[in-house]
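Some notes on the structure that comes next.
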Amino acid sequence: MYAGHQFGNYSPRLGDGRALLLGEFVDDDGSRRDLHLKGSGRTPFARGGDGNAAVGPMLREYVIGEAMHALGIPTTRALAVVATGQQIEREVPLVGEVPLPGAVLARVAASHLRVGTFQYAAATGDTDLLARLAAYAIDRHHPDSATAERPYLALYTAVVEAQASLIARWMAVGFVHGVMNTDNMTISGETIDYGPCAFMDRHHPRTVFSSIDHGGRYAYGNQPGIAQWNLARLAEAMLPLFADTPDEAVAAATDVLRSFKERYERHCTAVMQTKLGLTHAGPAGLVDDLLALMAAQGVDHTQLFRSLSDVVRGDVDGTHELFTDPAAFDTWAARWTAARADDPRPVAEVADAMDRVNPVYIPRNHLVEAALTAATDGDLAPFDRLVQVVTNPFEERLGLGEYAKPASVDELPYRTFCGT
Ligand code: AMP
Ligand code: MG
């Protein structure tokens, strides 16, 4: 059971409408994991919903989550998607109600504790319950907090840190979660609930895919700010645990919440440094100026970063092709090259290291859509192939050129639908 802010509006009793926690197990590494079914039928929190899931959205969670894992980004994992053999009714935009094949996803997660879980516990007014929840979260996810002077504040700090790191990793690969409600933000720092998410192709901070996100609340460029907003809600929920007096608690929480920006920027700097093959952060504005250039010229995020290793190897042609005005890139590249001048490593070594962090293959929206449509019609071959490609994202392979390119302009704009 959990509560949560959905698009900024608080719902006191959400719980999961179609997910069933089967139990926990300890994996080969000694980590405790939840095993969860999604789409297994109505629950006491299903409200008007049928508790079911269609095969398309469950396979979407499978392929995007597995791609995220292969990219080195903390995430819940898909163990399997199993067709139920039942047809379920779903509203398809522009078409109306259609029967779709039903499916159940088996999901593995470090846990299903969410910001919304703490909001729910806080709303009961039972501070002892809230403390037991926090102690459980410390034990399960952030054990170092147990020995801190103020363990609950240390837990909060650990969640702020884990989310700052996670969001920096999303931003680096152009991932747009699409529905960053407080009930979709974990305490563990894993990405959870792949609904209307998608990877951005042409870099732009205002990129939104979800058909219900009219205001662009969860746009690509808003994600760090929204994460901090959600963490403010977590602080509110945990407040009675932080200190003896409300004033002290607010002061302590505010300090930690404010540290999100600095933590996020530190993670961004570290991630972007490796993406650009630098041994240090580089001159002020180097990364921001590149991103602004990409946004101004509609450059594909994934292709651009991948192409930079070729520039290091001495071949700038492929990168130039991505820009309508390549001269602007050259001006930027002169600063970037200067920042690399003191790097003692051989050029090939730098370029290879960049290729290990800048993927060739991400789940391209048009390919995901085509694979899910085929799967819904009973042909799993395109889906299996897509999973194979995106779970080995850094190694360029022959014959996979189509997987490395964005959709043609007439296939845009891409929209994702929440009718899951
Ligand atoms: P999500 O956007 O996936 O985080 O879902 C938000 C809430 O809606 C969760 O409590 C889901 O379990 C619930 N939900 C989504 N689809 C259904 C459905 N078909 N039946 C019941 N509950 C659902
Ligand atoms: Mg959810």
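The values are calculated or read from the model by the stated rules, or taken from the named source; none is laboratory data. These numbers come from a predicted model, not from an experiment. Cβ placement follows ideal geometry from the backbone for every residue including glycine, while neighbour counts extend to all protein chains displayed. We work out accessible area using only protein heavy atoms, side chains counted, and drop any ligands, DNA or RNA first. Shrake-Rupley method; radii C 1.70, N 1.55, O 1.52, S 1.80 Å.
Restricting the first member to segment 275-294 and to residues that are touching a residue at least 40 places away in the same chain (Cβ under 8 Å), and the second to residues that are part of a loop (DSSP other than H, G, I, E, B), the beta-carbon pairs closer than 6 Å and six or more apart or on different chains are Lys275/Val357; Lys275/Asn358; Thr279/Asp343; Met294/His203. Summed over segment 21-37, the residues that are more than 21 Å from the chain's Cα centre (by Cα) and within 14 Å of ligand 2 (Cβ to nearest atom) give a count of 1.
Listed here are the residues, each with its yes/no results for (1) modelled with pLDDT of 90 or more; (2) open to solvent by less than 100 Å² (accessible area, probe 1.4 Å).
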position	(1), (2)
Leu386	yes, yes
Val390	yes, yes
Glu396	yes, no
Glu402	yes, no
Asp410	no, no
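For (1) in contact (Cβ under 8 Å) with a residue 40 or more places away in the chain; (2) of a type in the set (A, V, I, L, M); (3) within 16 Å of ligand 1 (Cβ to nearest atom); (4) touching a strand residue (DSSP E or B) at 6+ places or on another chain (Cβ under 8 Å), each residue gets a yes or a no:
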residue: Ile167; (1), (2), (3), (4): yes, yes, no, no
residue: Ala172; (1), (2), (3), (4): yes, yes, no, no
residue: Ile187; (1), (2), (3), (4): yes, yes, yes, yes
residue: Ile212; (1), (2), (3), (4): yes, yes, yes, no
residue: Arg217; (1), (2), (3), (4): yes, no, yes, no
residue: Ala235; (1), (2), (3), (4): yes, yes, no, no
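For beta carbons closer than 8 Å, sequence separation of 6+ or different chains, a first residue in segment 38-50 that is in contact (Cβ under 8 Å) with a residue 24 or more places away in the chain and within 13 Å of ligand 2 (Cβ to nearest atom) and a second that is assigned to a loop (DSSP other than H, G, I, E, B) and open to solvent by 60 Å² or more (accessible area, probe 1.4 Å), the qualifying pairs are Phe45/Met1; Phe45/Arg13; Gly49/Arg42.
For segment 28-52, the candidate set comprises residues that are touching a helix residue (DSSP H, G or I) at 6+ places or on another chain (Cβ under 9 Å) and within 11 Å of ligand 1 (Cβ to nearest atom); within that set, the residue that is least open to solvent (accessible area, probe 1.4 Å) is Gly39. Restricting the search to segment 171-202, which residues are open to solvent by 10 Å² or more (accessible area, probe 1.4 Å) and more than 16 Å from ligand 2 (Cβ to nearest atom)? Residues satisfying the conditions are Met171, Val173, Asp201, Arg202.
One residue alone among Asp50, Asp28, Asp16, Asp34 is farther than 24 Å from Thr416 by Cα and either of a type in the set (A, V, I, L, M, F, W, C) or not in a strand (DSSP E or B) (or both), and that residue is Asp28.
Only one of the numbered conditions (1) open to solvent by 60 Å² or more (accessible area, probe 1.4 Å); (2) part of a helix (DSSP H, G or I) is not met by Ala284, and that is (2).
Quick check: anything in segment 109-132 in a helix (DSSP H, G or I), open to solvent by less than 10 Å² (accessible area, probe 1.4 Å), aromatic (Phe, Trp, Tyr) and within 24 Å of Tyr10 (Cα to Cα)?
yes
The C-beta contact set for segment 256-273 (first residue at negative phi, second residue surrounded by fewer than 18 Cβ atoms within 10 Å (Cβ to Cβ), distance under 8 angstrom, 6+ apart or interchain) comprises Leu257/Ala232; Thr269/Ala281; Gln273/Thr279; Gln273/His280; Gln273/Ala281. Within segment 2-16, residues that are under 17 Å from Leu133 (Cα atoms) and open to solvent by less than 30 Å² (accessible area, probe 1.4 Å) have Cβ atoms under 6 Å from residues that are near ligand 1 (Cβ under 8 Å from one of its atoms) and charged (D, E, K, R) in these pairs: Tyr2/Asp183; Gly4/Asp183, counting only partners at least 6 apart in sequence or on another chain. Just the residues that are open to solvent by less than 70 Å² (accessible area, probe 1.4 Å) and in a helix (DSSP H, G or I), please, taken from segment 304-319. Within segment 304-319, Leu304, Phe305, Arg306, Ser307, Leu308, Ser309, Asp310, Val311, Val312, Gly318, Thr319 meet the criteria. Scan segment 92-108 for residues that are open to solvent by 40 Å² or more (accessible area, probe 1.4 Å) and within 26 Å of the chain's Cα centre (by Cα) and jot them down. Once the filter is applied, which keeps residues that are open to solvent by 40 Å² or more (accessible area, probe 1.4 Å) and within 26 Å of the chain's Cα centre (by Cα), segment 92-108 yields Val92, Pro93.
If you check Ala135 against the conditions, is it farther than 17 Å from Asn184 by Cα, open to solvent by 30 Å² or more (accessible area, probe 1.4 Å) and modelled with pLDDT of 95 or more?
Against the criterion (farther than 17 Å from Asn184 by Cα, open to solvent by 30 Å² or more (accessible area, probe 1.4 Å) and modelled with pLDDT of 95 or more), Ala135 qualifies.
Please go through (1) open to solvent by 30 Å² or more (accessible area, probe 1.4 Å); (2) in a strand (DSSP E or B) for Gly23 and return the number of the only condition it doesn't satisfy. Among (1) open to solvent by 30 Å² or more (accessible area, probe 1.4 Å); (2) in a strand (DSSP E or B), Gly23 violates only (1).
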